Amino acid sequence: MAPPMSASAFLRALKAEGLTVVEVGDWRNHNRNHKGPWGPVHGVMIHHTVTKGSARTVEICRKGYEGLPGPLCHGVITKDGRVHLVGYGRANHAGLGDDDVLRAVIAEQSLPPDNEANTDGNRHFYGFECENLGDGEDPWPAVQLEAIEKAAAAVCRHHGWNERSVIGHREWQPGKVDPRGFSMTSMRTRIGDRLR
């Protein structure tokens, strides 16, 4: 069980991992904390955005859209490998997911199938939205995949977690498919190698 790191520590961790970070507006104080607690945190969740164009993607993830106000994550990882910080605190990214999956993340064990949505993920996960159409055809540039690896590793390194603390949205909530276009198993292997 871990309290979320401070916004300053989050920024430092990402930069220390070698990432190019873009601070967007008053990201440190842009959150959904009035809707419930953020923390204790247990892991990192990776998403794809179903958008095209970095500027538009960052704007949507910062502001949200009708029916789902922003921020929609903590960091947006664009095709060029930059991490745009759009919010910090509770964010509308994970939604309800499977408590068995959460227990496996906490224990850093293999994930069970996600077959129910009974647990508040926005409280317990850092979230990175990654610019991609999510159609299985839109490419994932090597620099973007490396940034996903580095961003997840940065958070894990700070908290003393291993790669099993990183999951895809599709592994958390039934019916979700993101991120599509790469395997979370292969991404966890990359993160594990980086942490070692």
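Just a few scattered comments:
- Single residue of ALA7, ALA2, ALA16 found to be surrounded by fewer than 19 Cβ atoms within 10 Å (Cβ to Cβ), at pLDDT below 95 and under 16 Å from VAL155 (Cβ atoms): ALA2
- Check on HIS93, in contact with a Leu (Cβ under 6 Å, 6 or more places away or on another chain), at pLDDT 95 or above, open to solvent by less than 30 Å² (accessible area, probe 1.4 Å) and not acidic (Asp, Glu): yes
- The stretch 171-196 - residue that is closer than 19 Å to GLY121 by Cα and touching a residue at least 40 places away in the same chain (Cβ under 8 Å) and, of those, surrounded by the most Cβ atoms within 10 Å (Cβ to Cβ): TRP172
- Residue in the stretch 137-145 that is under 15 Å from the mean Cα position of the chain (by Cα), more than 17 Å from LYS35 (Cα to Cα) and open to solvent by 20 Å² or more (accessible area, probe 1.4 Å) present: yes
- Residues of the stretch 175-188 satisfying the condition of being within 13 Å of ALA94 (Cβ to Cβ) and over 14 Å from the mean Cα position of the chain (by Cα): LYS176
- Pick from the stretch 23-59, criterion touching a Leu at 6+ places or on another chain (Cβ under 7 Å) and not charged (D, E, K, R), ranking: nearest to ALA104 (Cα to Cα): HIS42
- Residue identified as crowded, with 22+ Cβ neighbours inside 10 Å, over 23 Å from GLU163 (Cβ atoms) and of a type in the set (A, V, I, L, M, F, W, C) among VAL22, VAL58, VAL76: VAL58
The values are calculated or read from the model by the stated rules, or taken from the named source; none is laboratory data. No experiment lies behind these values; they were computed from the predicted model shown. Cβ sites come from the backbone with ideal geometry, for glycine too, and all protein chains shown count toward neighbours. Remember, those area values only see protein heavy atoms, side chains included, never the ligands or the DNA or RNA. Shrake-Rupley method; radii C 1.70, N 1.55, O 1.52, S 1.80 Å.
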